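Working notes, beginning with the structure itself.
What follows is calculated from the coordinates using simple rules that are stated; it is not laboratory data. What you are looking at is a predicted structure, and each value in this text was computed from that prediction instead of being measured. Cβ sites come from the backbone with ideal geometry, for glycine too, and all protein chains shown count toward neighbours.
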Amino acid sequence: MKGSELLIFYILEQVMFWFLILVFNFRLKDKGGSKDV
Amino acid sequence: MFSLSVYIAVLSIIGFWKVKVIRGFNAYFLSEKRLGLLETSLTLASSWVDSAIILGFAGYCYAFGYDAIWIAIPTSIGVYTFSIFFAGKINLMRNGFTVGEVIGRTYSRRISVVSSIFVLFYSVALIATNLMASGYVMEAIFGVPFIYGALIVLLLTVFYTLLGGFKKVVETDILQFFLIMVGMLLVLAFVLRNIGGLTRLHDVALSYSPAFSRLDILSFFIVFTLPLWANPSFYQVCSAADSPKTARLGVAFVGLVDFLLTFVALAIGLAGAALFGTSLPQDMVFPKVMDAVLPSNLKGILGIAIISALMSTSDSYLLIGGGILAHDILYPLGFHYFDEVKLAKLGVLLTAVLSLFSMFWFDNIIDTAIFAFSLFASSSLIPLLVSLNSRGREAKDELSVLISMAGGGTTVILWKVLNLGDTSISVLYGLMVSGTLWLLFSVMLKLLLAKRTF
């Protein structure tokens with residue numbers, strides 16, 4: 001992998017993990033909400 | 001001489017500011033108050049920002065250009081997976097505040113003592129990296145010879161760690177975190193202004209040729225991911241957090257801080273290459289660049305901010321080292337001549353002496369960190385993962401675990417002592433040895449037990 005590709009890969013990896021972490025930590029609330037409907 | 005004494009005075013003030021009388025072992029090692037999200041995140045981040053991130057990684061970027069990201073990727077995977085899989089679990093465990101405690105939930109005392117000895121080595125090596133870094137910064141910015149600089153910082157840190165406790169460390173950590181972040185961003189701004197912006201740095205980066213083989217990259221993914229699952233400061237702070245969610249988000253915040261600092265280190269490393277060519281020793285790059293780009297009135301202040309960040313990591317690990325020696329090694333082994341707090345203080349002193357000696361044994365900061373991580377991964381990863389995933393029931397394959405830990409740890413130590421090759425790949429062999437021994441002996445023990453039953 002070339003240097004600049006590596007840089008882009010690193011940034012994408014961060015975005016993916018933050019997506020996972022936000023989903024993982026805040027999904028319980030969403031589940032509670034959908035039950036009422 | 002005058003400037004040296006001024007700096008010692010300033011450092012002493014930073015030290016005294018942390019002083020707190022210790023009342024009991026738990027108060028010394030854990031704050032009685034539960035930490036909220038802000039405190040958890042900032043304490044974790046402040047302990048995270050250490051010599052390896054500030055000086056070591058900048059030096060690595062200087063030596064390898066964009067290829068240094070091969071270290072940043074596994075590091076962030078380690079931090080984020082810890083946040084997702086382990087931070088919440090550790091928070092829910094009662095007394096999960098050291099790796100030894102967690103392993104002791106599943107295995108006998110003997111195994112937790114052996115793993116604690118390896119965690120102690122890990123802490124000692126990490127303190128050594130911070131001492132090296134302090135020495136380099138003292139030399140480049142204040143003109144104090146390397147060894148005196150490191151000694152002054154060690155003595156001050158030991159002094160207030162003996163008097164202070166975890167709670168005070170948390171309070172000062174928050175301030176230190178802001179100091180160091182502002183400091184790093186200032187250095188970044190001056191680097192960009194003096195060197196000629198991002199495009200110039202990018203051009204410098206493109207002049208590097210690929211540095212690592214596939215084997216190197218594979219071992220980076222082991223060395224910089226797995227040992228983070230055993231990071232002592234993560235365990236300590238996650239168990240002090242007020243909820244599993246706080247612990248998880250706090251660790252994730254560390255990932256974000258590390259991401260930002262990676263870019264600062266990259267800019268500084270590349271600026272080093274633009275300014276000084278390729279002749280500098282890796283660990284001198286950050287102090288030299290700082291010395292070259294900052295105006296002289298800022299240099300002293302930023303030097304102090306960086307040394308205080310290094311001290312803040314050293315004090316956490318001195319505390320952890322001393323605590324482990326007392327709580328997880330000497331006390332369980334029946335060494336009851338002193339009470340635990342006195343023993344922990346003795347442990348702090350011993351940890352400090354060991355760190356001072358180990359400082360001369362390594363080539364540079366990243367090398368030392370890689371050794372510490374490898375040693376830990378090769379010895380304790382198997383029992384730790386089993387313990388984190390078990391529901392507290394007694395494991396039966398004690399002997400095989402003990403042999404695999406000793407085998408893996410010894411492999412990494414022998415690799416370094418006998419100088420068999422790059423430190424970075426020793427973890428591959430260490431894990432291979434410990435994994436093979438574990439499987440071999442578990443199967444053998446199972447066969448033996450089966451024979452006895454029938």
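A Cα-only calculation for segment B:309-440 places Rg and Dmax at 16.6, 45 Å.
Within chain B, which is the longest segment that contains none of the GluC sites (Glu not before Pro) sitting in a DSSP loop with at most 14 other Cβ atoms within 10 Å? Kindly include the intermediate steps, with their values, before the conclusion.
Details: sites that count: B:E32, B:E394.
Segment B:33-393 is the longest.
Taking each residue as 0.36 nm, the span from B:A450 to B:R34 lengthens on full extension beyond its C-alpha to C-alpha distance by 145.0 nm. Among the DSSP helices (H) of chain B, those spanning at least 20 angstrom by Cα along their long axis with an average Kyte-Doolittle hydropathy of -0.5 or more are B:2-16, B:109-142, B:146-163, B:166-195, B:244-276, B:296-323, B:340-358, B:365-389, B:398-417, B:426-453; this is a geometric and hydropathy rule only.
Close amide H contacts of B:A241 (hydrogens built in the peptide plane, cut-off under 5 Å, sequence separation of 5 or more or a different chain): B:L35.
Given their separation in residues at 0.36 nm each and the Cα-Cα distance between them, B:F276 and B:K342 gain 18.9 nm when the chain is fully extended.
In this structure, the amide hydrogen of B:S108, modeled 1.01 Å from its nitrogen in the peptide plane, lies closer than 5 angstrom to no residue at least 5 positions away or on a different chain. Only helices enter the 222 nm calculation for the protein assembly as shown: every DSSP H run of n ≥ 4 contributes -39,500 (n - 2.57), and dividing by all residues gives -25500 deg cm²/dmol, rounded to 500. Dimensions of the protein assembly as shown based on its C-alpha atoms, expressed as ranges along the principal axes with the largest first, amount to 78, 65, 52 Å.
So, R0 is 45 Å and r is the distance between the beta-carbons of B:L175 and B:L418; what FRET efficiency does that work out to, to 0.05?
On the way: r = 45 Å, r/R0 = 1.00.
With R0 = 45 Å, the Cβ-Cβ based efficiency is 0.50.
About the Cα centre of segment B:2-366, what is the dipole size in debye to 20, counting +1 per Lys and Arg Cβ and -1 per Asp and Glu Cβ, all else neutral?
760
Of the two radii for chain B, the radius of gyration is 0.97 times the Kirkwood radius, both from the alpha carbons; that is the Rg over Rh value.
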